[in-house]
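This report refers to the structure that appears directly beneath it.
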Amino acid sequence: MEFKMIQTDKLTKSFKSYKKKPGFKGSIESLYKRDYTIKHAVEGFDLDIPDGQIVGLLGPNGAGKTTLMKMFTGIIVPSGGEINVLGHNPSEREKDFRKKIALVMGQKSQLWWDIPAMDSFLLLQKYYEIDEEEFKEKIEHMSTILEVKDLLHIHVRKLSLGERMKMELMASLLHSPEVIFLDEPTIGLDLVAQESIRKFIKDYHQKNQCTIILTSHYMADVQELCSRIVLILKGKKAYDGAIGEFEKILGHEKRVSFIFKSKVDREDQLFTKFKPEWSQGDLKVELLIPEEELREVSAEIITKFDVSDFNTEILPIEKVMKTLMSNPEILSVK
Ligand SMILES: Nc1ncnc2c1ncn2[C@@H]1O[C@H](COP(=O)(O)OP(=O)(O)OP(=O)(O)O)[C@@H](O)[C@H]1O
């Protein structure tokens, strides 16, 4: 039987926020009567993640991804339901549990800013009781692959965002965690740095067979790294399955782009029926056409209009996400 690294059962987190009425009068009133609102950030979330998977946790801003990550790592305590990570209740934060996990948050530094990364690594070595030989080998290996060997002794605050993220990754992997939580590890990085971090994570996973939970708004991260996707919308699980199946959710629609030699009638049914997206001064349109109608519709457009070029491609995951987020009813999340 495969070992479940992470298991949740009806996991829920609600936040209570107090509202203060504006002005001096509001301040006085709030002394004896406080109004509050309840935000259900995560609701009834069931999840099973076996050993060795890379799972992409996706969802729009405010969907509940970071709240989930914080519950997985024990930073916040759930309001309800059950959670088990590597046989532990994360919120107890036992040292044995902390030694088995790592959390990297792209938006928050976990390294000390006023000392070089290497000094932070040495402190982590002591904390996690990492053997000297193993420590040296890991630093050498990871800094070489990530091309930051020359930067280990520079103060973290002087590093670029990409360089710092590489150091953050190194810091989180020194103790060989079994489960790694990566919350937007490539946020704000240029394409080269994104690619380099993605490749590093992929190779690291292949070599170590650890379990990785990744959140990212960059679909390239998800497509490159994750075999499974869990989609969260308004705190609820909306989809959980293989990435390939996810791409098919909207039916077998193909994205077809046409470029015209001169302006065409945008209101023509041949366009309006297929969710058109116009660009290049209305000389280019992208349509979502069901696979079974593709041949016929394309032929009609080419016959009726002066087409200079056209292209067909499978709906990229980015488009699937965009469509699902604006039409969550497709997944019946109310
Ligand atoms: N400490 C808190 N107090 C009150 N509300 C909170 C708190 N933390 C999160 N929330 C709310 O819970 C919801 C989920 O937030 P969360 O940070 O988990 O979203 P997210 O999916 O990570 O979003 P993003 O992609 O923008 O990082 C949001 O509406 C947020 O405002």
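The values are calculated or read from the model by the stated rules, or taken from the named source; none is laboratory data. Model, not experiment: these values are computed from the prediction. Because the Cβ atoms are built from the backbone with ideal geometry, glycine has one as well, and the counts that use them run over all protein chains shown.
Would you confirm, using the coordinates I've provided, whether VAL156 is surrounded by 19 or more Cβ atoms within 10 Å (Cβ to Cβ) and modelled with pLDDT under 95? Spelling it out, VAL156 is indeed surrounded by 19 or more Cβ atoms within 10 Å (Cβ to Cβ) and modelled with pLDDT under 95. Assigned by TED's automatic domain parsing to the domain that holds LYS126, more than 16 Å from the ligand (Cβ to nearest atom) and not hydroxyl-bearing (Ser, Thr, Tyr): does that describe ILE243? Yes: the conditions hold for ILE243. Contact map, the stretch 196-216: first residue within 16 Å of the ligand (Cβ to nearest atom), second residue among the acidic types (Asp, Glu), Cβ cut-off under 9 Å, separation 6 or more or different chains; pairs are ILE213/ASP183; LEU214/ASP183; LEU214/GLU184; LEU214/ASP221; THR215/ASP183; THR215/GLU184; SER216/ASP183; SER216/GLU184. Among helices (runs of 4 or more DSSP H) entirely within the stretch 203-308, having at least 2 residues that are aliphatic (A, V, I, L, M) singles out 219-225, 294-304.
The rows are residues; the columns are (1) surrounded by 12 or more Cβ atoms within 10 Å (Cβ to Cβ); (2) within 23 Å of ALA193 (Cα to Cα).
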position	(1), (2)
ILE28	no, no
VAL42	yes, no
ASP46	yes, no
ILE54	yes, yes
GLY74	yes, no
SER79	yes, no
ASN89	yes, no
ALA117	yes, yes
LYS126	no, no
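Tallying residues that are closer than 20 Å to LEU152 by Cα and within 16 Å of the ligand (Cβ to nearest atom) within the stretch 168-185 yields 1. Pairs meeting the criteria (first residue in the stretch 314-333 and in a helix (DSSP H, G or I), second residue at pLDDT 70 or above and of a type in the set (S, T, N, Q), beta carbons under 8 Å, at least 6 apart or on different chains) are ILE317/GLN223; ILE330/THR323. Residues satisfying the criterion are absent from the stretch 163-180 (criterion: within 24 Å of LEU86 (Cβ to Cβ), modelled with pLDDT under 90 and not β-branched (Val, Ile, Thr)). Confirm whether LEU225 is surrounded by 19 or more Cβ atoms within 10 Å (Cβ to Cβ), assigned by TED's automatic domain parsing to the domain that holds VAL85 and within 16 Å of the ligand (Cβ to nearest atom). It is false that LEU225 is surrounded by 19 or more Cβ atoms within 10 Å (Cβ to Cβ), assigned by TED's automatic domain parsing to the domain that holds VAL85 and within 16 Å of the ligand (Cβ to nearest atom). Any residue at all in the stretch 237-246 that's surrounded by 12 or more Cβ atoms within 10 Å (Cβ to Cβ) and farther than 30 Å from SER196 by Cα? Yes, the conditions are met somewhere in the stretch 237-246.
Of note, GLY23 satisfies the criterion of being farther than 19 Å from GLU184 by Cα, modelled with pLDDT of 75 or more and loosely packed, with under 13 Cβ neighbours inside 10 Å. Could you tell me whether ASN84 is among the polar types (S, T, N, Q) and under 30 Å from GLU129 (Cβ atoms)? Yes.
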